[in-house]
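The block underneath contains the structure these notes are about, expressed in C-alpha cells.
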Amino acid sequence: MSKLKPSIFQGAATAIITPFQNGAIDFDRFGRIIEQQIKGGIDAIVVAGTTGEAATLTHEEHCELIKYSVEKVAGRVPVIAGTGSNDTAYGIELSQYACEVGADALLLVTPYYNKASTKGLVKNFLETADKTDKPIILYNVPSRTGCNISLAAYRELAKHERIVAVKEASGNISSIAALIAECGDAFDIYSGNDDQIVPIMSLGGKGVISVLSNLLPQETHDMCLACLNNDYTTAAKLQLDYLRLINDLFCEVNPIPVKTAMAALGYCDIEMRLPLCEMEDANRDKLMATMKAYHLL
C-alpha cells in the first residue's frame, strides 16, 4: 500500500487533561494548559481522550470542550478530537459535531465493553469514516476496552482514504512491528505508551500521543524530533532519562497520577470524576518525590 494520505502531525501530541472545579470543567485553567503546551513546542493536542476523562463528560461538556479547544488553539497546532464511543451512532454524532466546529482530526477508540468482532470493528470505523469529512486516527487500547484491532482489521481499514493513522497502545511491540511492516505505508503509527516512544519510532512510527507531555511538552517533542532526525542516541537517552517519571505517571490508572502532578504545578485541582478518585498516599508521595528529582517541584 502506498501512502498518499496526508499526515496529521509528526512528533508529540499531548493527550490533554480536563481540569474540573466543583464538578464543572475549569475552562480558565484548561486554556492555560493549552497555552503551556503550545509554548512548550508540542506538535498537536488531543482533547477529550482517555486522559481527558471523556467517558465521564456529558454530551454538552464533550462538545463544549472540543469547540473551546479549536477556538483557543486557533490553528497554531492540529486539534484532534476524541469522539469514539461504544455506540457507533453516538460516536458518529460526536464526530460530525467535531468536524463542524473545526477539529483537524478525529481519534476513534475501539467500542469498549461491547467487544465487537473483527467484522463489527471494521464496520464501526468505516461507518464513521463514511459519515465524516476529517482524517481519522484509530485508537487501539485493549487493556482498557477489552477489544483489540487485529492485523486483518487494520488491512481493511487501511483502504479508506480518511483513516490515516493509528494510536497503538496495546504495548505489544511484536504486533506493532507487524502492523508497521504490513500497513506502514497506509497509516502513520503513533505510540500510545510513553515508555515505547523510541522503540516504536525506530520501527517507523511517526510520533506519540502522550501523557508525559502534559508535564514535559518540550522534552517529549525533542525525543520525537531526535527520532525523526535519525538521532537515536539522543532519543534513547531521553527515553531512559524520563523512564522513572513515565513509570510513576502510570503507577495508578491514567489520568489519576498525571492530574495529581499537574495539580502540584498549579494547572488544575486534584478533582476527578468517579469512579476515578485521588491517589493512594504512598503512590502520591512517590510521584511527588520523583517530580522533585526531576526539578519539576
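The values are calculated or read from the model by the stated rules, or taken from the named source; none is laboratory data. Quick caveat: nothing in here was measured; it's all calculated off a predicted structure. Methodologically, a virtual Cβ is constructed for each residue, glycine included, from the backbone with ideal geometry; neighbour enumeration extends over all protein chains shown. Surface accessibility is based on the protein's heavy atoms, side chains included, excluding ligands, DNA and RNA. Shrake-Rupley method; radii C 1.70, N 1.55, O 1.52, S 1.80 Å.
With Cα Rg over 2.2 N^0.38 Å defined as stated, name the option among (1) 0.93; (2) 1.00; (3) 1.04 computed from the structure displayed.
The listed entry that was calculated here is (1).
Using modelled amide H (1.01 Å from N, peptide plane; none on Pro or chain starts), what sits under 5 Å from the amide H of Ser210, excluding residues fewer than 5 places away?
Under 5 Å from the amide H of Ser210: Ala13, Thr14, Ala15.
Report the label-to-label distance for Glu71 and Leu240 in nanometres (one decimal), using points 7 Å from each Cα along the Cα→Cβ vector.
4.8
What list of ³J(HN,Hα) couplings, whole Hz, do you get for the stretch 184-198 from phi and the Karplus terms 6.51, -1.76, 1.60, once you set θ to phi - 60° and write x for glycine and proline?
Once θ is set to phi - 60°, the couplings for the stretch 184-198 become x, 7, 10, 10, 7, 9, 10, 5, x, 10, 5, 7, 10, 4, 5 Hz.
Please list, in order along the stretch 7-19, the HN-Hα scalar couplings obtained from phi with the Karplus expression 6.51 cos²θ - 1.76 cosθ + 1.60 (θ = phi - 60°), rounded to whole Hz, x for Gly and Pro.
Values per residue, Gly and Pro as x: 7, 6, 7, 10, x, 10, 10, 8, 7, 6, 6, 10, x Hz.
Give me the number: length gained by fully extending Tyr294 to Leu151, i.e. 0.36 nm times residue separation minus the C-alpha to C-alpha distance, one decimal in nm. Please list the in-between numbers first.
On the way: separation 143, 0.36 × 143 = 51.48 nm, distance 3.90 nm.
Going from the current span to full extension adds 47.6 nm.
Taking the Cα centroid of the stretch 204-267 and of the stretch 35-53, what is the distance between the two, rounded to the nearest whole Å?
With the stretch 204-267 and the stretch 35-53 each reduced to a Cα centre, they are spaced 12 Å.
In Å², and per residue, what accessible area does the chain have when probed at 1.4 Å with the other protein chains present?
Per residue, the chain has an accessible area of 41 Å².
Quick one: plug the Kirkwood hydrodynamic radius of the stretch 132-252 (C-alpha pairs) into Stokes-Einstein at 4 °C, 1.567 mPa s, and report D in µm²/s.
88
Amide H of Asp188 versus every other amide H placed in the peptide plane: which residues, excluding those fewer than 5 positions away on the same chain, fall under 5 Å?
Those lying under 5 Å, H to H, from Asp188 are Ala165, Val166.
Per 5 Å bin from zero, what fraction in whole % of the C-alpha pairs of the stretch 1-140 is there, up to the bin with the longest pair?
In order of increasing distance, the bins hold 2, 10, 21, 23, 20, 14, 7, 3, 1, 0, 0 percent.
Leaving out ligands, DNA and RNA, and with a 1.4 Å probe, what % of the accessible surface on the stretch 77-210 is carbon or sulfur?
47
Give a residue-ordered list of calculated ³J(HN,Hα) values for the stretch 40-53 (Karplus: 6.51 cos²θ - 1.76 cosθ + 1.60, θ = phi - 60°; whole Hz; x for Gly, Pro).
Karplus values, whole Hz, x for Gly and Pro: x, x, 5, 8, 6, 10, 10, 10, 6, x, 4, 5, x, 6.
Which residue fluctuates most in the GNM of the chain (Cα springs below 10 Å): Lys39, Lys159, Lys115?
Lys39
Which of the lysines could a cross-linker bridge to Lys115, judged by Cα under 18 Å and excluding same-chain residues fewer than eight apart?
Lys123
Long-range amide H contacts for Gln21: which residues qualify at under 5 Å (H placed 1.01 Å from N, peptide plane, sequence gap of 5 or more or a different chain)?
When sequence neighbours closer than 5 places are left aside, the close amide H contacts are Asp26.
How large is log10 I(q)/I(0) at q = 0.21, 0.30 Å⁻¹ when the Debye formula is applied to the Cα atoms of the stretch 47-98, each weighted equally and without solvent?
-0.71, -1.28
With the chain treated as a Gaussian network of Cα nodes joined by springs under 10 Å, which of Val77, Val47, Val166 yields the largest mean-square fluctuation?
Looking only at Val77, Val47, Val166, the biggest GNM fluctuation is shown by Val77.
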